[in-house]
Each structure stands twice: as C-alpha cells, then as structure tokens.
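The values are calculated or read from the model by the stated rules, or taken from the named source; none is laboratory data. Everything quoted here is computed from the prediction, not taken from an experiment. Here the Cβ is made from the backbone with ideal geometry for all residues, glycine too, and neighbour counts use every protein chain on show. The area values use the complete protein model at the heavy-atom level, side chains included, leaving out ligands, DNA and RNA. Shrake-Rupley method; radii C 1.70, N 1.55, O 1.52, S 1.80 Å.
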Amino acid sequence: MKRLLSILVISAFGVGIVFGSATKRSFKTPHKQKLIRKVEPFQSVITPESHPTSPIVMPSTRQEGHFVLVDSSTNGYGMVLGTTRPLIVTENDEWFFVFRQYCGENTTHGQIGAAYSEDGENWTVYTYLNTGFNWPPSTKQGRYPSALGNEDYPFAFWNEYTNLGAGYGGRPYYAYDEFGWDGGSFSQPWEVDPLWSESKDLWVGSPGYSYDIDNDEHHFNIVFDDWTRNNYYLFHSEAYMDGFIVFGNEILIIDEQNDLVPGDAGGSYNSSAALSISKDGYGMVGIVGWFADADEDASDITNYHTAIFKLTDNHGATWYGGGDYYNNDEYYFIPDNVWEDMIDNEFANYWDPCADTTSVLFDLWTYYELDMKVDSEGNPHIVLEVLPCDGTYCYYMSGDGSEVGSGFYHFTIDRDYIDDPGPVNTDTGWKYSKVVSGRETWAFSAPDGNSFILQTQASLAISSEDDEVIYVVTDKAEMGEVAGYDPEDPYDCEEPYEYYPYWSEDVFVVRSQDGGERWEDPINITNTPDDGEECDPPTMSGWCSPEEQYPHAAHWATNDKVYFVYQMPDWYFNETGDPLGPDHKNRLYAGWVDMEGGPVTETQDISLTAGWNIFSMYLIADNMDMLSIVQPLIDAGYLDKVLDEAGNAVLYFFGNWV
C-alpha cells in the first residue's frame, strides 16, 4: 500500500492528516510533547462475516532464520509497548510465549493465551488462562501479558480490566503451569497485589525473575503503572513454593507526583516502566521521564527528557539510585553531559530546502518507546528514541533527506563507575552510540496520518555467553521504489507529494560485539516487500500489505542467536474501528535468527478461505510417508505446501488463516 511522506508539522497524537491541505512537506514535529495514553477502543468489529483475509506471509530472511506462525491475537494491543516481556527462552531451550488470544468474532478482546515449545519450532498452544475468578464473573479482559520462567515452571502475568472503582480497575494476576513445563494444566489466576482495592488501576506490567543459589531462594519482581494514581508500583515476592508466589505489598518505586512532572488528563511526559533482573539478582527499573519543574526549565536535577531508573543488587529486595553526581538521592538518570556531547557531535543542522532556511539544532527530545535490560554483571543497557531539536521543533530528517541524527540510541555504563562516572564514551563513563536511523521510518505516515515514530519500538537482547554481544530488534522501513518523483523539483516542495508504493515495515536485527560501541549493519530479517498494488477489495485503513510490527526479544541471546516474537495485522479484519495495525486481528510469530547463518527460503504467501482453525507443522524433507498421508487434504484444498529448492515438502499450513 502507498506510504505518503509526512507532509505537515505533525501533532504527535492528533487525529490524522488531511492530505492536500499543506503547501509544503515537513519532517518535523513540535518539541516537548506529552504522550497521550493510548486507550484501547471498545470492541467494534466492522468487517462483514464473509470478509476476506490477508494472506499468511512467512519471513524471507537474509540470515539463517527460523520462524513459526504460533497463533493469533484478538487485536494487537498486547504487544504495543516494549516494556512488556511476552517471551522467555530458558537455558534448556524451553520457550514460553504469552499473548492476548483470538477466540472468535464478536467475542472477548481479553482472553489470555500462551504457547510452549521445546525448540522454538513446534508449539503447543494453551487457552483461557484468565478464568476462575472469585470476584464478579470474568469476561476475560486481560491486558498487556508477559512471560517468565524458572527451571521448573512457566509463568504468565497480566492485568485484568475489571471496570471496578477508579479508572479501568486494572488488577494484576499471574498463573503458572502446575505440571511444570509443557504440563498443560494452568493454575487459577492468582493475585499479584494482595491488598488490591478499587482505588487502584494497575496496568502494563514488566516482570523479572532471579535465583539466589546460595540461599536456594526464588525471587520475582514486577512493576506496574497506575493509570489513576499516576505513579509506579513494584511488587517483590516474599515467599515461593512449587510455582505459587506470594507477593508483598506494593512499593512506590517511582514517585511521579512528587519527583516528576505529573501527568494529567492531557497526557504525560513519563513513559510506562520497564524492569530487568539478571540471573544473579542484579536489576534495574525505570522509565523515560521529566523531573519536577523541567517543563519550566527549572529542575535542580536535569531539564532533559531522559531515562530515569533505580538499581538493585539483592534480587529486588531493595532499590537505590542517585547521589551527589545525580543531584538527588533517589534516581539514576542519563546525565546532561551525555546529551550535550550528543548535540555537539551527532546532529547536523536542519536545512529547509523549500524555504532555503537553516535551523540550528541545539536541543533534543527523547520519545516514549524504550527498553531497559541489564547484562550478567548488572550493567544497565538502555535503548531510546532520540530526536534533534531547535527549541521549537524536533526533526526526523532534513528536507533533502540527509541525516540529522534521529534514531534509536544505545546507552550504557559500567555499574562500578555509575556513582562517579568519568568522561563520556570512556571506559569509566557513560557511553552512547546510534543503533539505527529513524529517518527512513519516522518521516512517513502511519494509517492514522501520524508519524511512524509512534508505531516503532526497539527491543534489547544480551548474550548469556558474552556481555559484549548485544542485539537490538526493531521494526523499521525498507524504502522501496519512489513513485511520483519529479526530477525538476527534487525537494518536492509542491503538491502532489512523493509516494513510496513499495515501502515496507520489516523487522531488522542489529548486533554489537563490543558492548554497544559499534553496531553491525541492520539486517532485514523478515523482508516481506509490498507489491505496491491497491487493496482489492478495499480495507478500512487503506492498507493490505505485509507489515511486521512490535517485535519483542527475549532477554538472553547467545553470541550468534537472538530470539524474538512479532505480530502482523490482518488488514481485512478490523477489531476496533481504528485504522492502525494493532486495531486489527494480528497473527503472532516466534523464532530466532542465527547471525552466522546463510539465506533461507523466500517469502511464502498462503491465501486460504475463512472458517477453519489452523495449526502449522514442519515435515522432514524426505518423509514421503507423511506426504502420502496428507496428500488427500492437499488435493481437497485444505492444505498448501511449500517446497524447498530441491522440490521437497518443507512446511504445511492446515485450514485457513489464524
């Protein structure tokens, strides 16, 4: 589907662009914008019962990639925030993936499902994890699920939209497989907050697990945003036995009301919270936020919109931060000298080719998507969206398409020096580096007309074999060809504006092998290009192309392999009446990439008929007995087969779409 370059000074979360209303295009956005909390619309299926479906698309990776279509999500909101942890992969190669599960048209949007695999290829799917409540009968309104696992059990965490009391009545729960890994018998949902009341509204959990080998103790921590009290609360386990966790009372871990610029009905300058714990109990919890009075440039701590966090070295029993260097006793943050160094060295000034004016970029703004994870030594790693600014506007790219510094950046410091850091980008100081540029993606409009900066995220993974090996998995644009380009007007200052009909949103993997100082070239892992054709029949959003969105990496990788999940919208099945990808039914994929591998199969489009359940299976290439068994189903049209280069059957899909 055609993508239009962002042609207005985009309101960060406005109601869409009216194309043709501007006299020139612009690649900028107003400075210092609040995040408008994205509230999921009520269920409003607007597709007819006989609607078609988007074809199932498997990735065509340039590395040795292995991906499986696991299940479907009733819509895509379960994975829209990078602070959730939907995938766990253990040292024993046991996978556990938790998600909001599709269970049919005109049914609940909140059924929690999960899937288990012992190798990342063959999956067992579980349903209805959020049942059996003792409070008013469950209508299955689970939100923002995450996964954890220890040696014996997998765990699912989520918050339930109860609609009781304050706000949405967000109430946190967990469940575990009582028979252990692949036991197939999940417990009833258990409370995370033992003193939950209707004054609370807990949303968007981010969990972590660690094991104290010296004392044989299991530790669980999870942080939630409270959307009514506008604060951040952490729960730490006090007891554990055979999968059952007893959490203590809530801990106010980040005090937005007193320490930050607080949110209001118009939104917030502070993001959702991320939590990460190493296997040995080193951890961090934090947000992107603004310290009190920073909106008036009057903060005593810092006036930059920055990563704010606390650390633990005892499995989350206590948390600490701050000190003289950070001008407070509560929080660590990415300090001013890091941002000032970036402004001096990373940003080219913005030239407006149509007005022939230049803006001096002397400031920056971090957007709201983030990930924070610690390595095995407890050193913090942070990925943020960064835009250069001139005091009035922030820029995705220059008017002539050149680089101005926007993109995802990685930040880290050796925790041994965090209390008194040395100079920037030295062994004893804070280090930063640019991972990927934002200009190919953020200057384009999503289906609602707003910049794609609101739709992209970057997820960290760290090798368990070597802390120097770090991955970032992100969704970004593959540009494709340009249509409507006028060589006589190379800067395209007048209408009609340029269209990129082959623009494609794909999942990219970027690796560093030196702790984040330098990054290898981004590799387009999914590589599913748009064919540029109009949707036939039309869709509500106007899109029908294969777009891979919202990737989440497992915390731990290896030196060569990174594990992640992502989702793809079925553009013909809208779930809420809004046009973005998460507002549609989504297909859920899981797999890994071997960075030392070679190319694998090309993209496969499998278009089938609505009305059948689906599961997928891999066949051994020379298993002719199995091929003969399923041949009648192939002949009847209930299966499609994919062949490798030698003509052997490799992959079958039963039924229709999921």
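Remarks
- Phi-derived couplings, Karplus 6.51 cos²θ - 1.76 cosθ + 1.60 at θ = phi - 60°, listed residue by residue for the stretch 207-217: x, x, 10, 8, 10, 8, 5, 5, 10, 6, 10 Hz, with x used for Gly and Pro.
- Residues of the stretch 268-282 with an amide N closer than 20 Å to a point placed 7 Å from the Cα of residue 320 along the Cα-to-Cβ direction: 276-282.
- FRET efficiency, residue 182 to residue 559 (Cβ-Cβ, R0 25 Å, nearest 0.05): 0.35
- Per-residue accessible area (protein heavy atoms, 1.4 Å probe) orders 213, 523, 251, 112 as 213, 251, 523, 112, starting from the largest.
- Karplus-derived 3J(HN,Hα), 6.51/-1.76/1.60, for each residue of the stretch 458-470, Hz, glycine and proline x: 10, 10, 8, 9, 10, 5, 7, 8, 7, 4, 6, 9, 10
- Here residue 199 and residue 356 are evaluated by their C-beta separation; at R0 = 60 Å the FRET efficiency comes out at 0.55.
- For residue 350, the residues whose amide H sits under 5 Å from its own are 359, 361, ignoring neighbours fewer than 5 places away on the same chain, with H placed 1.01 Å from N.
- Of the solvent-accessible surface of the stretch 428-474, computed with a 1.4 Å probe over protein heavy atoms with every protein chain present, carbon and sulfur atoms account for 34 percent.
- Here each label is just a point 7 Å from Cα along the line to Cβ, and for residue 296 and residue 594 those points are 6.0 nm apart.
- Heavy-atom surface of the stretch 250-355, accessible at 1.4 Å and reported per residue (Å²): 36
- Here the gap between residue 521 and residue 336, fully extended at 0.36 nm per residue and compared with their Cα-Cα distance, gives a gain of 63.7 nm.
- Estimated distance in nm for a label pair at residue 106 and residue 213, the labels positioned 7 Å out from Cα along Cα-to-Cβ: 5.7
- Cut-off under 5 Å, modelled amide H: who pairs with residue 292 long-range: 260, 261
- Estimated inter-spin distance, residue 265 and residue 345, nm [label 7 Å along Cα→Cβ]: 4.6
- Hypothetical label at residue 420: residues of the stretch 306-333 whose amide nitrogen lies under 12 Å (7 Å Cα-Cβ projection): 324-325
- For the stretch 104-244, carbon and sulfur atoms together expose 45% of the accessible surface, with a 1.4 angstrom probe and every protein chain in place.
- Amide H within-cut-off set for residue 469, under 5 Å, with H built and near neighbours excluded: 463, 515
- For a label point 7 Å along the Cα-to-beta-carbon line of residue 242, residues of the stretch 179-216 with backbone N under 19 Å: 179-191
- Shape analysis of the stretch 329-406 places it in the prolate category; the axes a ≥ b ≥ c from the Cα gyration tensor give an a/c of at least 1.5, with a/b above b/c.
- Estimated FRET transfer efficiency when R0 is 45 angstrom, pair residue 513-residue 122 (beta carbons, to 0.05): 0.90
- Applied to the stretch 232-237, the Karplus parametrisation 6.51 cos²θ - 1.76 cosθ + 1.60 on θ = phi - 60° returns per-residue 3J(HN,Hα) values of 10, 10, 10, 10, 10, 5 Hz, with x for Gly and Pro.
- Scattering profile of the stretch 238-300 at q = 0.12, 0.24, 0.27 Å⁻¹ [log10 I(q)/I(0), Debye over alpha-carbon scatterers]: -0.47, -1.09, -1.21
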